[in-house]
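Please treat every number below as a calculation from the coordinates, not as lab data. Predicted model, so just to flag it, every value in this text is computed and none were measured. Cβ placement follows ideal geometry from the backbone for every residue including glycine, while neighbour counts extend to all protein chains displayed.
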Amino acid sequence: MNNKNSTEQMVDVVISGLGPTGATLAHLLGMRGLSVIVLEREPTFYGNARAVYTDDECMRVMQAAGVVDELAINMQVDTPAQWVLANGEILGQYWRLDRPFGWPIINFLYQPWLETTLTDLLKRYPSVQVVRGRELTQFEQDDEGVTITHQATSNFRFSDDTDTRTEIATDPDPQTIRARYLVGADGGRSTVREALGIGMSGKNFPEPWLVVDLEMKEGEDALRHLPYFSFICDPECPTVCCPQPGRFHRFEFMLMPGQTKEQMEDPQVVRALISRHVDPDKFIVKRKLVYTFNALVAKDWRKGRVFIAGDAAHMTPQFMGQGMSSGVRDAYNLAWKLDSVLKGRANDRLLDTYGTERFHHAKAMIDISVQMKDFVSMSNPITSRLRNMLVKTVLVTPFLGRYVREGRFKPAPTYELDSYLGLPRKHRRSPEGTMIPQPEVRTFKGKRVLLDEVLGEGYALIGLNVDPREHLCPASRQLLEAQGTRYLTLFEFAKRPQGQNVERTNTCELTEVEDASGEMVAWFKRSGFSSGAIAVVRPDKFTFAMVKSSDLDRALAELKFQLQWVPGQEVVAPISSVLRKSA
Ligand SMILES: Cc1cc2nc3c(=O)[nH]c(=O)nc-3n(C[C@H](O)[C@H](O)[C@H](O)COP(=O)(O)OP(=O)(O)OC[C@H]3O[C@@H](n4cnc5c(N)ncnc54)[C@H](O)[C@@H]3O)c2cc1C
């Protein structure tokens, strides 16, 4: 390397981009003790509010990252979503109050709060370094790692009000870092994706929308009439109305033929549009911006030691609020795999499953988002009347009505057959390759805790009324110990063993809990198993296998095979950051 500044570091992972995806990934790697450098081109956080919604699966990821309490405190949870007609009539609502994955399903957030909280909390990890005002410009990879060149940003944003960039004359001061892996979480215009020559497939949509972000003035209380998230299905002006935490609120208006960006961003036009819904004098317009959106997914998610994640890998129309959430899922999927490979617990090929697992799910989210867009943005009066009739009919149809009212049209966290790390699904209800439920369980001391709190962040074996350790041969034991595994016995509620013949002490290696809600027992039953069955759970809470205890060793032999694990190759301590001078 012939750079002006020749300081070169060797770290486990460099992440390019400190958006929600990069920040989540940095947490999940930092908590595992890996050395991470995050390069972020913007010198300061510029306050771009884009995402407004996230779901229960992402809350579960934030729980795993140890940040959920700090984020949830600033969220508006359990918020019904609805389709509303132009005259205010509610066409239909969808919401669920149960929590299959442990968290509320419809949660509204303010993205700048989420991002700044995630960034601040990264300070807890001494092995994670955030470098702002430095942009990745290029990289080269070889068998051992990636050499990343970064330089001072010369063209950046101070504010998102206008979405314009400011050019600053600055010394680029190019430097290099050496990393075992590079993750491009650098957004839709990803430099990393471009440099890898990865194409995207899908569509760019021509329909522009105007986003108007509002902040209610101090002392005002002017949003009581807009408590829920609404798609306003007005053929003359399809509108999205988003509640947000604190004093914030967002509207999105679809531009009709003939309307231009310049017209629509005019303050008087914005005032007229929001006046239909709120008293404009009680609000400050924080942002007004016309944008178009894309429905694109990258054809490859990995090339050698370099990955792309988040918007760099997929661009999702915002109508199901899944763009950021898909990026958070990417981070969760990738983090434990990088950790396993870097610590010698799995062959590098495990990392290929990142793309195969995530691609189809991200694509499914894009497809449903496009369908929702088409559904809410009909401007033809005849088709929109037909749509309204259809919705009304569906909502009173027994099975379909529930499907819609509970928002079950959102793709479930299930990986495509033959694409995931796990045993093949034997039938439609087999749990392999699907996310396990997360109910509350009851501890011996009578505390209710969310299941993941006892499962931890590594592999877990859950035995239904059985101690999974009793069914492990020495080779399985060796594998599980090397991988870092927790053992759990789940008893049906009020069915703990008791009496004179029961062992009086429990080794701390086994956690015993009761299924306080019955949801876990129901999960085993739905999957075709009863007492004595054992679930092998991956670190990201997807099921590797569910088997009878007599088949456990066979399932674990398959895990060993799929990980291509070779005993004795584990790196006990994480690779530490090594500074060295390059030539
Ligand atoms: C109007 C609108 C509404 C939306 N609503 C929702 C919603 O409700 N729910 C939802 O889940 N999603 C929503 N989204 C999508 C969501 O905002 C994005 O999917 C999400 O922000 C993507 O996160 P990311 O971290 O992958 O990328 P980004 O947020 O784009 O972050 C990428 C980061 O990389 C940095 N960067 C770029 N290039 C470089 C470089 N060369 N070197 C170093 N750093 C670099 C950038 O400065 C940026 O900080 C919405 C989007 C829009 C436009």
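Here are the numbers for this structure:
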| read-out | value |
| --- | --- |
| Inter-probe distance in nm under a simple model that places probes 7 Å from Cα toward Cβ, at GLU265 and GLU144 | 4.9 |
| Whole-Hz ³J(HN,Hα) from phi, Karplus 6.51 cos²θ - 1.76 cosθ + 1.60, for the stretch 336-342, glycine and proline x | 6, 6, 4, 4, 4, 6, 5 |
| Extension reserve of the ARG428-GLU503 stretch, reckoned as 0.36 nm per residue once the Cα distance is removed | 23.1 nm |
| Antiparallel bridges, percent of DSSP beta bridges restricted to the stretch 440-563 (to nearest 5) | 50 |
| Rounded to whole Hz, the Karplus (6.51, -1.76, 1.60) HN-Hα couplings of the stretch 299-316, x for glycine and proline | 6, 10, 10, 8, 9, x, 9, 10, 10, 10, 8, x, 4, 4, 9, 7, 10, 10 |
| Per-peptide average of other Cβ atoms within 10 Å, ordering 17-23, 513-519 highest first | 17-23, 513-519 |
| Dipole magnitude of the chain, debye to nearest 20 (Cβ charges: Lys/Arg +1, Asp/Glu -1, about Cα centre) | 1060 |
| Residues of the stretch 449-482 with amide N under 15 Å of a point placed 7 Å along Cα→Cβ from ASP551 | 464 |
| Förster radius 22 Å - calculated FRET efficiency between GLU236 and THR397, Cβ distance, rounded to 0.05 | 0.15 |
| Taking only Cα atoms of the stretch 170-321, radius of gyration then Dmax in Å | 19.8, 55 |
| Segment ASP221-LEU97, extension gain: residue separation times 0.36 nm, minus the distance between their alpha carbons | 41.9 nm |
| Highest average packing first - 468-481, 244-257, Cβ atoms within 10 Å | 244-257, 468-481 |
| Among beta bridges that DSSP assigns inside the stretch 1-127, antiparallel share in %, nearest 5 | 65 |
| Label-point separation, ALA522 to LYS495 (7 Å along Cα→Cβ), nm | 1.5 |
| Counted charge near ASP540, where neighbours are those whose Cβ lies closer than 13 Å (Asp, Glu -1; Lys, Arg +1) | +1 |
| Over 26 Å (Cα to Cα) - which of LYS288/LYS373; LYS303/LYS560; LYS123/LYS299 fall in this group | LYS123/LYS299 |
| Full-extension gain in nm, GLN569 to ASP281, via 0.36 nm per residue minus C-alpha separation | 97.1 nm |
| Dimensionless Rg over Rh [the stretch 374-496; C-alpha; Kirkwood] | 1.16 |
| P(r) weight above 36 Å for the chain, C-alpha pairs, percent | 39 |
| Vicinal HN-Hα couplings computed from phi for the stretch 69-77 (Karplus, 6.51 cos²θ - 1.76 cosθ + 1.60; Hz; Gly/Pro x) | 5, 5, 7, 5, 4, 9, 10, 9, 8 |
| Helix-derived mean residue ellipticity, 222 nm - over the chain, DSSP H n ≥ 4, -39500 (n - 2.57), to 500 | -8000 deg cm²/dmol |
| The stretch 411-473 - Rg (one decimal) and Dmax (whole number), Cα, Å | 14.3, 42 |
| Cβ-defined net charge surrounding VAL441, 9 Å radius [Lys, Arg +1; Asp, Glu -1] | -2 |
| Relative packing of peptides 347-357, 108-118, 177-187, 78-88 - highest average C-beta neighbours within 10 Å first | 177-187, 108-118, 347-357, 78-88 |
| Local electrostatic count at MET254 - Lys and Arg +1, Asp and Glu -1, tallied over other residues with Cβ under 11 Å | -3 |
| Approximate spin-label separation GLU416-PHE444, in nm, with each point projected 7 Å along Cα-to-Cβ | 4.6 |
| Relative contact order (%) - criterion: Cα under 8 Å, at least six apart; region: the stretch 440-563 | 31 |
| Bridge type composition, the chain - antiparallel percent by DSSP, nearest 5 | 65 |
| Where a label projected 7 Å from the Cα of THR292 along Cα→Cβ would reach, residues of the stretch 235-265 with amide N under 18 Å | 253-265 |
| Calculated over the stretch 440-563: convex hull of Cα atoms, volume per residue (Å³) | 109 |
| Too-long pairs where the Cα-Cα distance tops 22 Å, listed order kept, from LYS410/LYS447; LYS445/LYS541; LYS337/LYS410; LYS426/LYS541 | LYS410/LYS447; LYS445/LYS541; LYS337/LYS410 |
